[in-house]
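I am attaching a structure below and will ask some questions about it afterwards.
The values are calculated or read from the model by the stated rules, or taken from the named source; none is laboratory data. These numbers come from a predicted model, not from an experiment. As a convention, Cβ positions derive from the backbone with ideal geometry for all residues, glycine included, and neighbour counts pool all protein chains shown. Protein only, heavy atoms only, side chains kept; ligands, DNA and RNA dropped before computing areas. Shrake-Rupley method; radii C 1.70, N 1.55, O 1.52, S 1.80 Å.
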Amino acid sequence: MNLAQFLAGRLAKGILVLFAIAVLNFFLIRAAPGDPAQVLAGEAGAADEQLLLQLRERFGLDQPLLTQLWLYLKGYMTFDLGFSYRQQQPVLDLILDRLPATLLLTGAAFIVSLLLGTLMGALAARRAGGWQDSVITTLALVFYATPLFWIALMSQIAFSLKLGILPNVGYETIGANYTGLERALDIGRHLVLPAVTLGLFFTALYARMMRASMLEVAGADFVKTARAKGLKPGVVSRRHVARNAILPVVTLAGLQAGQLVGGAVLTETVFAWPGIGRLMFDALVQRDYSVLLGVFFISSAMVVGFNILTDFVYRLADPRIEAVS
(Lines give C-alpha, C1' and ligand atoms only; values in the text may rest on other atoms or scores of the structure.)
Protein backbone atom coordinates (compact mmCIF):
# COMPACT_ATOMS: atom_id res chain seq x y z
CA MET A 1 0.00 0.00 0.00
CA ASN A 2 1.50 3.31 -1.10
CA LEU A 3 1.43 6.51 0.92
CA ALA A 4 -1.49 8.05 -1.01
CA GLN A 5 -3.69 4.99 -0.41
CA PHE A 6 -2.68 4.99 3.24
CA LEU A 7 -3.70 8.63 3.73
CA ALA A 8 -6.95 8.17 1.76
CA GLY A 9 -7.92 5.21 3.94
CA ARG A 10 -7.14 7.08 7.15
CA LEU A 11 -9.10 10.12 5.95
CA ALA A 12 -12.17 8.02 5.06
CA LYS A 13 -12.13 6.38 8.49
CA GLY A 14 -11.68 9.78 10.10
CA ILE A 15 -14.81 11.14 8.37
CA LEU A 16 -16.86 8.17 9.59
CA VAL A 17 -15.58 8.68 13.13
CA LEU A 18 -16.48 12.39 13.02
CA PHE A 19 -20.00 11.53 11.80
CA ALA A 20 -20.51 9.08 14.66
CA ILE A 21 -19.14 11.57 17.20
CA ALA A 22 -21.41 14.34 15.87
CA VAL A 23 -24.53 12.15 16.26
CA LEU A 24 -23.48 10.97 19.73
CA ASN A 25 -22.75 14.52 20.92
CA PHE A 26 -26.14 15.70 19.67
CA PHE A 27 -28.07 13.15 21.71
CA LEU A 28 -25.87 13.57 24.79
CA ILE A 29 -26.39 17.33 24.79
CA ARG A 30 -30.14 16.94 24.36
CA ALA A 31 -30.23 14.44 27.23
CA ALA A 32 -28.60 16.92 29.61
CA PRO A 33 -30.94 18.73 32.05
CA GLY A 34 -31.83 22.33 31.33
CA ASP A 35 -33.62 24.21 28.56
CA PRO A 36 -31.86 27.13 26.84
CA ALA A 37 -35.22 28.81 26.25
CA GLN A 38 -35.98 28.77 29.97
CA VAL A 39 -32.51 30.13 30.75
CA LEU A 40 -33.00 33.06 28.37
CA ALA A 41 -36.52 33.74 29.57
CA GLY A 42 -35.40 33.62 33.19
CA GLU A 43 -32.61 36.13 32.56
CA ALA A 44 -35.11 38.38 30.82
CA GLY A 45 -37.34 38.22 33.91
CA ALA A 46 -40.33 36.94 31.95
CA ALA A 47 -40.73 33.16 31.94
CA ASP A 48 -44.34 33.07 30.69
CA GLU A 49 -45.44 30.27 28.36
CA GLN A 50 -45.86 32.53 25.33
CA LEU A 51 -42.29 33.79 25.52
CA LEU A 52 -40.99 30.23 25.96
CA LEU A 53 -42.87 29.12 22.83
CA GLN A 54 -41.46 32.04 20.84
CA LEU A 55 -37.91 31.30 21.96
CA ARG A 56 -38.20 27.58 21.20
CA GLU A 57 -39.59 28.36 17.75
CA ARG A 58 -36.84 30.93 17.10
CA PHE A 59 -34.06 28.48 17.90
CA GLY A 60 -35.68 25.39 16.37
CA LEU A 61 -36.23 23.67 19.70
CA ASP A 62 -39.93 23.11 18.87
CA GLN A 63 -39.04 20.72 16.03
CA PRO A 64 -39.07 16.92 16.50
CA LEU A 65 -35.75 15.54 17.73
CA LEU A 66 -34.96 13.72 14.47
CA THR A 67 -35.71 16.87 12.49
CA GLN A 68 -33.32 18.81 14.70
CA LEU A 69 -30.71 16.09 14.13
CA TRP A 70 -31.12 16.24 10.36
CA LEU A 71 -30.85 20.04 10.28
CA TYR A 72 -27.81 19.81 12.54
CA LEU A 73 -26.02 17.26 10.32
CA LYS A 74 -27.06 19.06 7.15
CA GLY A 75 -25.53 22.27 8.42
CA TYR A 76 -22.29 20.53 9.36
CA MET A 77 -21.97 19.13 5.84
CA THR A 78 -21.85 22.72 4.56
CA PHE A 79 -19.63 23.94 7.44
CA ASP A 80 -22.56 25.73 9.05
CA LEU A 81 -22.19 25.03 12.77
CA GLY A 82 -25.30 26.95 13.72
CA PHE A 83 -26.02 30.25 15.43
CA SER A 84 -25.31 31.20 19.04
CA TYR A 85 -28.44 32.56 20.66
CA ARG A 86 -26.33 33.94 23.49
CA GLN A 87 -23.60 35.69 21.52
CA GLN A 88 -25.81 36.56 18.54
CA GLN A 89 -23.08 35.35 16.19
CA PRO A 90 -22.53 32.32 13.95
CA VAL A 91 -20.86 29.53 15.91
CA LEU A 92 -18.15 29.08 13.29
CA ASP A 93 -17.15 32.75 13.64
CA LEU A 94 -16.94 32.41 17.42
CA ILE A 95 -14.76 29.30 17.18
CA LEU A 96 -12.48 30.69 14.48
CA ASP A 97 -11.99 33.80 16.58
CA ARG A 98 -10.88 31.72 19.60
CA LEU A 99 -9.15 28.84 17.80
CA PRO A 100 -5.76 30.54 17.17
CA ALA A 101 -5.27 31.14 20.90
CA THR A 102 -6.03 27.49 21.70
CA LEU A 103 -3.77 26.21 18.92
CA LEU A 104 -0.97 28.44 20.19
CA LEU A 105 -1.40 27.19 23.76
CA THR A 106 -1.76 23.50 22.91
CA GLY A 107 1.01 23.63 20.30
CA ALA A 108 3.44 25.22 22.74
CA ALA A 109 2.46 22.76 25.49
CA PHE A 110 2.89 19.82 23.09
CA ILE A 111 6.36 20.92 21.96
CA VAL A 112 7.51 21.63 25.52
CA SER A 113 6.22 18.32 26.86
CA LEU A 114 7.59 16.23 23.99
CA LEU A 115 11.07 17.78 23.95
CA LEU A 116 11.44 17.94 27.72
CA GLY A 117 9.96 14.49 28.24
CA THR A 118 12.18 12.73 25.68
CA LEU A 119 15.30 14.50 26.96
CA MET A 120 14.51 13.63 30.58
CA GLY A 121 13.72 10.04 29.65
CA ALA A 122 16.90 9.64 27.60
CA LEU A 123 19.03 11.06 30.42
CA ALA A 124 17.36 8.79 32.98
CA ALA A 125 17.96 5.73 30.78
CA ARG A 126 21.64 6.56 30.23
CA ARG A 127 22.10 7.05 33.98
CA ALA A 128 19.85 4.14 35.01
CA GLY A 129 20.29 3.39 38.68
CA GLY A 130 22.13 6.65 39.37
CA TRP A 131 21.03 9.76 41.20
CA GLN A 132 20.01 11.48 37.94
CA ASP A 133 17.65 8.60 37.19
CA SER A 134 16.16 8.80 40.69
CA VAL A 135 15.60 12.57 40.46
CA ILE A 136 13.99 12.40 37.01
CA THR A 137 11.78 9.45 37.93
CA THR A 138 10.63 11.21 41.11
CA LEU A 139 9.87 14.45 39.25
CA ALA A 140 7.94 12.54 36.59
CA LEU A 141 5.87 10.83 39.28
CA VAL A 142 5.15 14.17 40.98
CA PHE A 143 4.11 15.85 37.70
CA TYR A 144 1.90 12.88 36.83
CA ALA A 145 0.14 12.73 40.20
CA THR A 146 -0.34 16.44 40.88
CA PRO A 147 -3.71 17.93 39.82
CA LEU A 148 -3.47 20.38 36.95
CA PHE A 149 -5.45 23.13 38.69
CA TRP A 150 -3.11 23.02 41.72
CA ILE A 151 -0.03 23.42 39.51
CA ALA A 152 -1.73 26.31 37.72
CA LEU A 153 -2.58 28.13 40.95
CA MET A 154 0.84 27.52 42.53
CA SER A 155 2.65 28.74 39.41
CA GLN A 156 0.58 31.93 39.46
CA ILE A 157 1.44 32.53 43.11
CA ALA A 158 5.14 31.74 42.70
CA PHE A 159 6.05 33.36 39.38
CA SER A 160 3.53 36.17 39.20
CA LEU A 161 2.47 37.29 42.68
CA LYS A 162 5.72 36.52 44.55
CA LEU A 163 8.49 36.90 41.97
CA GLY A 164 6.62 39.16 39.57
CA ILE A 165 8.51 37.87 36.52
CA LEU A 166 5.56 36.55 34.50
CA PRO A 167 1.95 37.69 34.02
CA ASN A 168 -0.63 35.45 35.64
CA VAL A 169 -3.69 35.87 33.39
CA GLY A 170 -4.70 36.96 29.93
CA TYR A 171 -3.44 36.64 26.37
CA GLU A 172 -1.61 39.98 26.19
CA THR A 173 -1.25 43.19 28.18
CA ILE A 174 -4.51 45.12 27.96
CA GLY A 175 -4.11 48.70 26.81
CA ALA A 176 -0.42 48.36 25.93
CA ASN A 177 -1.16 48.51 22.18
CA TYR A 178 2.02 46.64 21.30
CA THR A 179 2.68 45.84 17.65
CA GLY A 180 5.09 43.62 15.74
CA LEU A 181 7.88 42.01 17.73
CA GLU A 182 6.85 43.74 20.98
CA ARG A 183 3.38 42.20 20.76
CA ALA A 184 4.80 38.75 19.96
CA LEU A 185 7.12 38.93 22.97
CA ASP A 186 4.27 40.11 25.18
CA ILE A 187 2.07 37.19 24.08
CA GLY A 188 5.02 34.86 24.64
CA ARG A 189 5.41 36.04 28.24
CA HIS A 190 1.71 35.41 28.86
CA LEU A 191 2.04 31.98 27.21
CA VAL A 192 4.83 30.61 29.42
CA LEU A 193 2.83 29.72 32.55
CA PRO A 194 -0.25 28.14 30.88
CA ALA A 195 1.83 26.22 28.32
CA VAL A 196 4.24 24.79 30.88
CA THR A 197 1.40 24.00 33.29
CA LEU A 198 -0.57 22.17 30.60
CA GLY A 199 2.51 20.32 29.35
CA LEU A 200 3.88 19.05 32.68
CA PHE A 201 1.49 16.09 32.93
CA PHE A 202 2.42 14.89 29.44
CA THR A 203 6.11 15.57 30.10
CA ALA A 204 5.93 12.97 32.87
CA LEU A 205 4.32 10.42 30.56
CA TYR A 206 6.86 10.90 27.76
CA ALA A 207 9.80 10.78 30.18
CA ARG A 208 8.66 7.47 31.67
CA MET A 209 7.89 6.02 28.25
CA MET A 210 11.23 7.14 26.76
CA ARG A 211 13.19 5.72 29.70
CA ALA A 212 11.46 2.34 29.54
CA SER A 213 11.76 2.17 25.74
CA MET A 214 15.47 3.03 25.72
CA LEU A 215 16.25 0.43 28.39
CA GLU A 216 14.38 -2.17 26.36
CA VAL A 217 16.09 -1.28 23.07
CA ALA A 218 19.51 -1.15 24.76
CA GLY A 219 19.38 -4.93 25.21
CA ALA A 220 18.56 -5.68 21.57
CA ASP A 221 20.99 -7.69 19.40
CA PHE A 222 21.66 -4.87 16.92
CA VAL A 223 22.74 -2.58 19.79
CA LYS A 224 25.10 -5.26 21.12
CA THR A 225 26.53 -5.60 17.60
CA ALA A 226 27.07 -1.83 17.38
CA ARG A 227 28.95 -1.88 20.69
CA ALA A 228 31.02 -4.86 19.53
CA LYS A 229 32.12 -2.85 16.49
CA GLY A 230 33.74 -0.37 18.84
CA LEU A 231 31.32 2.54 18.42
CA LYS A 232 31.40 5.15 21.14
CA PRO A 233 28.61 4.94 23.78
CA GLY A 234 27.23 8.34 22.76
CA VAL A 235 27.00 7.31 19.10
CA VAL A 236 25.28 4.04 20.03
CA SER A 237 22.75 5.91 22.20
CA ARG A 238 21.92 8.51 19.57
CA ARG A 239 21.95 6.50 16.34
CA HIS A 240 20.78 3.09 17.47
CA VAL A 241 19.01 3.26 20.83
CA ALA A 242 17.26 6.66 20.83
CA ARG A 243 16.17 6.47 17.19
CA ASN A 244 14.30 3.20 17.75
CA ALA A 245 13.17 3.97 21.29
CA ILE A 246 11.43 7.19 20.28
CA LEU A 247 8.86 5.42 18.05
CA PRO A 248 6.54 4.42 20.95
CA VAL A 249 6.86 7.96 22.32
CA VAL A 250 5.80 9.41 18.96
CA THR A 251 2.79 7.10 18.90
CA LEU A 252 1.78 8.03 22.45
CA ALA A 253 2.30 11.74 21.77
CA GLY A 254 0.13 11.63 18.68
CA LEU A 255 -2.68 9.77 20.41
CA GLN A 256 -2.64 12.16 23.34
CA ALA A 257 -2.11 15.40 21.40
CA GLY A 258 -5.85 15.79 21.08
CA GLN A 259 -6.23 15.45 24.85
CA LEU A 260 -4.40 18.75 25.22
CA VAL A 261 -7.55 20.45 23.93
CA GLY A 262 -9.53 18.86 26.76
CA GLY A 263 -6.91 19.89 29.30
CA ALA A 264 -6.95 23.38 27.86
CA VAL A 265 -10.48 23.90 29.21
CA LEU A 266 -9.24 24.05 32.80
CA THR A 267 -5.98 25.81 31.92
CA GLU A 268 -7.70 28.50 29.87
CA THR A 269 -10.22 29.08 32.65
CA VAL A 270 -7.58 29.47 35.38
CA PHE A 271 -5.31 31.69 33.27
CA ALA A 272 -8.17 33.59 31.53
CA TRP A 273 -6.78 32.46 28.18
CA PRO A 274 -9.27 33.37 25.40
CA GLY A 275 -9.44 30.01 23.61
CA ILE A 276 -12.16 27.54 22.67
CA GLY A 277 -11.79 25.79 26.02
CA ARG A 278 -12.96 28.91 27.80
CA LEU A 279 -15.67 29.33 25.15
CA MET A 280 -16.89 25.78 25.80
CA PHE A 281 -16.98 26.34 29.57
CA ASP A 282 -19.03 29.52 29.16
CA ALA A 283 -21.38 27.79 26.70
CA LEU A 284 -21.93 24.93 29.14
CA VAL A 285 -22.92 27.33 31.92
CA GLN A 286 -25.23 29.25 29.56
CA ARG A 287 -26.80 26.12 27.96
CA ASP A 288 -25.66 27.36 24.55
CA TYR A 289 -26.14 24.04 22.73
CA SER A 290 -25.03 25.26 19.31
CA VAL A 291 -21.67 26.49 20.61
CA LEU A 292 -21.12 23.33 22.66
CA LEU A 293 -21.79 21.08 19.69
CA GLY A 294 -19.58 23.22 17.47
CA VAL A 295 -16.66 23.14 19.90
CA PHE A 296 -17.08 19.38 20.40
CA PHE A 297 -17.02 18.84 16.64
CA ILE A 298 -13.94 21.01 16.05
CA SER A 299 -12.14 19.37 18.98
CA SER A 300 -12.98 15.92 17.60
CA ALA A 301 -11.73 16.94 14.17
CA MET A 302 -8.46 18.07 15.73
CA VAL A 303 -8.06 14.72 17.53
CA VAL A 304 -8.72 12.78 14.32
CA GLY A 305 -6.29 15.02 12.45
CA PHE A 306 -3.59 14.49 15.07
CA ASN A 307 -4.06 10.72 14.83
CA ILE A 308 -3.74 10.73 11.04
CA LEU A 309 -0.63 12.89 11.31
CA THR A 310 0.81 10.50 13.89
CA ASP A 311 0.30 7.52 11.60
CA PHE A 312 2.00 9.45 8.80
CA VAL A 313 4.99 10.47 10.94
CA TYR A 314 5.28 6.96 12.38
CA ARG A 315 5.49 5.48 8.92
CA LEU A 316 8.09 8.02 7.85
CA ALA A 317 10.14 7.30 10.97
CA ASP A 318 10.09 3.54 10.31
CA PRO A 319 9.60 2.69 6.59
CA ARG A 320 9.49 -1.02 7.48
CA ILE A 321 5.97 -0.56 8.83
CA GLU A 322 3.28 -1.55 6.37
CA ALA A 323 0.03 0.37 6.76
CA VAL A 324 -3.08 -1.74 7.14
CA SER A 325 -6.44 -0.68 5.85
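Please work out if LEU252 is open to solvent by 30 Å² or more (accessible area, probe 1.4 Å) and either part of a helix (DSSP H, G or I) or hydroxyl-bearing (Ser, Thr, Tyr) (or both).
Yes.
Just a yes or no: is a residue in region 86-95 modelled with pLDDT of 85 or more, farther than 19 Å from THR197 by Cα, exposed (fewer than 15 other Cβ atoms within 10 Å of the Cβ) and among the β-branched types (Val, Ile, Thr)?
No.
Could you please give the count of residues in region 255-288 that are open to solvent by 40 Å² or more (accessible area, probe 1.4 Å), closer than 21 Å to LEU96 by Cβ and over 21 Å from the mean Cα position of the chain (by Cα)?
Residues that pass the stated criteria total 1.
Any residue in region 130-150 that's on the phi < 0 side of the Ramachandran plot: show its pairings with residues that are among the small types (Gly, Ala, Ser) and open to solvent by less than 70 Å² (accessible area, probe 1.4 Å) at Cβ separation under 6 Å, as long as the two are six or more apart or on different chains.
Matching pairs, first to second residue: ASP133/ALA124; ILE136/ALA124; ALA140/ALA204; ALA140/ALA207; PHE143/ALA204; TYR144/ALA204.
Of all residues in region 106-145, how many are closer than 25 Å to GLY188 by Cβ and either open to solvent by less than 40 Å² (accessible area, probe 1.4 Å) or over 25 Å from the mean Cα position of the chain (by Cα) (or both)?
Total satisfying the criteria: 8.
Considering only region 151-164, state which residues are free of Cβ contacts under 8 Å to residues at least 60 places away in the same chain and either of a type in the set (S, T, N, Q) or within 14 Å of THR197 (Cα to Cα) (or both). Walk me through how you get there before you give the answer.
Going residue by residue through region 151-164, those that are free of Cβ contacts under 8 Å to residues at least 60 places away in the same chain are 151, 154-155, 157-164.
Those that are free of Cβ contacts under 8 Å to residues at least 60 places away in the same chain and either of a type in the set (S, T, N, Q) or within 14 Å of THR197 (Cα to Cα) (or both): ILE151, MET154, SER155, ILE157, ALA158, PHE159, SER160.
Tell me which of these VAL291 doesn't satisfy, since it passes every other one: (1) aliphatic (A, V, I, L, M); (2) assigned to a helix (DSSP H, G or I); (3) open to solvent by 10 Å² or more (accessible area, probe 1.4 Å); (4) modelled with pLDDT of 80 or more.
(3)
Still on this model: Scan (1) outside any helix (DSSP H, G or I); (2) under 26 Å from ALA253 (Cβ atoms); (3) small (Gly, Ala, Ser) for the single condition GLY175 breaks and write down its number.
(2)
Looking at LEU103 and the list (1) over 18 Å from ALA264 (Cβ atoms); (2) within 24 Å of the chain's Cα centre (by Cα), which single condition is not satisfied?
The single condition LEU103 does not satisfy is (1).
Of all residues in region 189-225 being open to solvent by 30 Å² or more (accessible area, probe 1.4 Å) and not hydrophobic (A, V, I, L, M, F, W, C), which is farthest from LEU247 (Cα to Cα)?
ARG189
Could you tell me how many of the residues in region 219-249 are part of a helix (DSSP H, G or I) and within 25 Å of LEU114 (Cα to Cα)? Walk me through it before giving the result.
Initial filter on region 219-249 (part of a helix (DSSP H, G or I)): 221-228, 233-249.
Among the residues that remain, those that are also within 25 Å of LEU114 (Cα to Cα) are: 223, 233-249.
Number satisfying all stated conditions: 18.
Here's another thing I want to ask about it. Out of (1) part of a helix (DSSP H, G or I); (2) modelled with pLDDT under 80; (3) not aliphatic (A, V, I, L, M), what's the single condition that is false for SER300?
Of the numbered conditions (1) part of a helix (DSSP H, G or I); (2) modelled with pLDDT under 80; (3) not aliphatic (A, V, I, L, M), the odd one out for SER300 is (2).
Just for region 19-78: of the residues that are modelled with pLDDT of 70 or more and of a type in the set (Val, Ile, Thr), which one is most open to solvent (accessible area, probe 1.4 Å)?
Applying the filter and picking the extreme gives THR78.
Checking the structure you have, find out if any residue of region 160-174 is among the small types (Gly, Ala, Ser) and more than 17 Å from ALA101 (Cβ to Cβ).
So far as region 160-174 goes, yes, one or more of its residues are among the small types (Gly, Ala, Ser) and more than 17 Å from ALA101 (Cβ to Cβ).
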